[in-house]
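Presented below is the structure to which this report refers.
The values are calculated or read from the model by the stated rules, or taken from the named source; none is laboratory data. None of the values given here were measured: they were computed from a predicted structure. No Cβ is skipped: glycine too gets one built from the backbone with ideal geometry, and neighbour counts run over all protein chains shown. The accessibility values were calculated without ligands, DNA or RNA, using every heavy atom of the protein model including side chains. Shrake-Rupley method; radii C 1.70, N 1.55, O 1.52, S 1.80 Å.
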Amino acid sequence: MLSLEDLGITPAMAGRLQKLGLCNAFDLILHLPLRYQDETRITPVRDLFYGQTACLEVEVVETQVLYRPKRTLRTRVRDDSGELHLRFLNFHANQVRQFSAGTRLRLYGELRHGPLGPEMVHPKYRLLQGQDPLPETLTPIYPTATGLSQAALQRCIARALALEDLSDTLPDAWRTALGLPAFQDCVALLHRPTPGISLEALDQRQHPAWQRLKFDELLAQQISMRFHHQARLTQSAPVLQCTQAQRNRLLERLPFRLTGAQHRALEQIESDLARPYPMHRLLQGDVGSGKTVVAALACLHAISAGFQAALMAPTEILAEQHFRKIEHLLQPLGITTVWMTGSLRKKDKADAQQHIASGAAQLVIGTHALIQSAVSFHALGLVVIDEQHRFGVAQRLALRKKAGSAGRSEPHQLMMSATPIPRTLSMSYFADLDLSVIDELPAGRQPIITKLVNDARREEVIARVRETCLQGGQAYWVCPLIEESESLQLQTAVETFAAISRIFPELRSGLIHGRLAPADKTDLMARFSQGELQLLVATTVIEVGVDVPNASVMVIEHAERMGLAQLHQLRGRVGRGSRQGHCILMYHPPLSALARTRLKVIYEHTDGFEIARHDLMLRGPGEFLGARQSGTPLLRFADPEQDGPLLQEAIRVARTWTETDPAAARRHLQRWLWSRQEYLTA
Ligand code: ADP
Ligand code: MG
């Protein structure tokens, strides 16, 4: 791969290119035009029509500088067939000199109605001396930034195309079998198409040249994942297995029986844990599907085998809740669970750290504090990460790296998420992640009833909440989201709480928000969960994981401001017990088209997968995956949804190729992803 320096690009120019993310020859080659200009043909002035953009060859008749109403350069030009005016508002003094009568110009611009008849304003122009052959290909127009001219960028890219090795990475036989053109031809064509090519096919990215680029990109991604997969199989991890008796003791302690889907997921996890290489599994299940108990069973396997397990959750409330539940389950089996968060007092933290280091803590549950450097494990065998999409790759990696003296082995990894990833996306982005899906809710759950209510009808909502609470139920009242400012958000929450307390003087209510001290949050959640509080006014801090089965009504104010995933998560907080769950989405009109669509989706669907599919359509894969957070490199050219057939081929080819000719596969990977390798290894 040639560097910018190899291309003879000056350091100053290289700096400008790097600002556009163009750091080597291949980056330049993949910097494709936004559109093209056809300067291959000269149109006679007489044949021009208004609104047409065309290339002309003319001679200057006269040039004037006008000062009123504005400083303007006006030039009359003609060819054999007719005349027109050129108008420039910004011009240099030497431009006036250049445009002397008789000068020949080649112009590219759009014909408009001017005050003196047909004119072009600020056409692109070139002075002609003698013969100046027309280009044979369309002229590319690239995305660029200030300080980097089209012409300079065009020159750099042309040089990259000329000097870089663009020989095919795909064996010819495969390439023809797939019906794809040669790589070099594709990039040459995309940068400099010949006239007469269907600009529409280029625009829609359906042209074979585009198909080839998309295929290569998908293939590189799949190859990278196959290599990771292979690398994982060569790492060692402890074999974690508990006895049947221990497993049954835990199952017997549950007040319910596992659903079939929970059993299936558990069996998949158990068979992974029994293998001597690290598990890398995502446990996906809609909110309320019962992932926690499956995770607890996985931890039991690790602990029984003499290793430690760690469970990390994104918020203190959630971690705390896991701690209470799981400790309750595991303590009777003689298992020591330790709690670890940033808010622990110094001494408690030191104690916890010491227990973790000595191995006395068999299970550690906590927040990000778990990955702080002061924590080191004695022998970490299993890492469980709840709501994995809320953590960045680096954070997940950091926890895995704390395996401790378990030695040269890696811990197994179980990730959990309630945000389902549509199949095409998971095939393309998570190919080295095995997937278990809990696709069944525990029996007896009634579907939640969702209502959309204009906030002018507040009174009715208030009546419903009062009735529920007076009949022994509990309710959440979710404050409006204010994205712009956290302090405004807090203020709104405080005001909402004051208003609610006035409206419901007879109810015991509490306010929970992100700025509360962790101990206060814990205390409030405990009081709500024990039924002491009937009404919990909350910001979206309760979005993830909060589990209070007796709470059956949720009111969400300004639901139109929230995203689909957030609404679905919030709604999942109710309908967890035997009472019929109600979710009341209050909105404030007028609604934007997007808000209207979102509310319609959440109203019509309860299935998380269906909601995620809509969410993906509304937001696109980048936003959907939260790429910046997860570190997954996004595809630039291909779209796994639209390019499904290419993706299928890429998966097939990657599988064979990495087995039969890994060196060639690696060469392809390097061409495409060399600068992004870092992301992919995470
Ligand atoms: P999530 O998958 O959203 O993390 P949880 O693990 O918090 O769900 O489980 C939601 C609720 O369902 C909890 O109260 C849990 O005890 C309960 N639960 C889990 N599995 C079952 C089951 N098989 N039958 C009945 N209730 C269950
Ligand atoms: Mg959960």
| Between the DSSP loop rule and a limit of at most 12 other Cβ atoms within 10 Å, which chymotrypsin sites (Phe, Trp or Tyr not before Pro) in segment 46-133 are left? | F49, Y50, Y67
| field | With Cα atoms, 0 to 90° folded angle of helix 518-529 axis to the chain main axis | value | 60
| note | Taking a ≥ b ≥ c as the square roots of the eigenvalues of the Cα gyration tensor, with a/c under 1.5 meaning rounded and otherwise prolate when a/b exceeds b/c and oblate if not, segment 45-134 is oblate
| task | Enumerate lysine pairs in the chain that are 8 or more residues apart or on different chains, then count those whose Cα atoms are under 22 Å apart. | result | 12
| said: Please report the carbon-and-sulfur percent of the accessible area for segment 45-134; probe 1.4 Å, protein heavy atoms only, DNA, RNA and ligands left out. | reply: 47
| Hey, what number do you get for the chain at 222 nm if only DSSP H runs of n ≥ 4 count, each worth -39500 (n - 2.57), divided across all residues, to the nearest 500? | -12500 deg cm²/dmol
| About the Cα centre, charge dipole magnitude for segment 113-271 (Lys/Arg +1, Asp/Glu -1 at Cβ), debye | 840
| task | Give a quick list of trypsin sites (Lys or Arg not before Pro) in segment 220-308 that DSSP marks as loop, anything other than H, G, I, E or B, with at most 11 other Cβ atoms within 10 Å. | result | R257
| query | For helix 593-604, what angle does its Cα long axis make with the longest principal axis of the chain, in degrees from 0 to 90 and rounded to 10? | reply | 30
| Sites matching trypsin sites (Lys or Arg not before Pro) across segment 19-77 that sit in DSSP coil, with at most 12 neighbouring C-beta atoms within 10 Å | R41, K70, R71
| task | Find how many whole Å separate the alpha carbon centroid of segment 136-194 from the alpha carbon centroid of segment 198-226. | result | 13
| said: Compute, for the chain, the length of the dipole vector about the Cα centre, with Cβ point charges of +1 (Lys, Arg) and -1 (Asp, Glu) only. Units Debye, rounded to 20. | reply: 1060
| Rounded to a whole number, what % of the accessible area of segment 244-438 do carbon and sulfur atoms account for, probe 1.4 Å? | 50
| task | Note down the Stokes-Einstein diffusion coefficient of the chain in µm²/s, whole number, using a Kirkwood radius over alpha carbon pairs, 25 °C, and 0.890 mPa s. | result | 82
| note | Rounded to the nearest 5, the percent of antiparallel DSSP beta bridges in the chain equals 40
| said: Quick check for you: with a 1.4 Å probe and neighbouring chains kept, what is the accessible area per residue of the chain, in Å²? | reply: 45
| message | Can you give me the % of accessible surface on segment 449-605 that is carbon or sulfur? Probe 1.4 Å, all protein chains present, nothing else counted. | response | 52
| task | May I ask you to evaluate 6.51 cos²θ - 1.76 cosθ + 1.60, the Karplus curve with θ = phi - 60°, for each residue of segment 446-454 and list the ³J(HN,Hα) values in order in whole Hz, giving x for glycine and proline? | result | 8, x, 6, 8, 9, 10, 9, 10, 4
| note | Relative to the chain, whose Cα atoms define the longest principal axis, helix 458-470 and its Cα axis are tilted in degrees, nearest 10, by 20
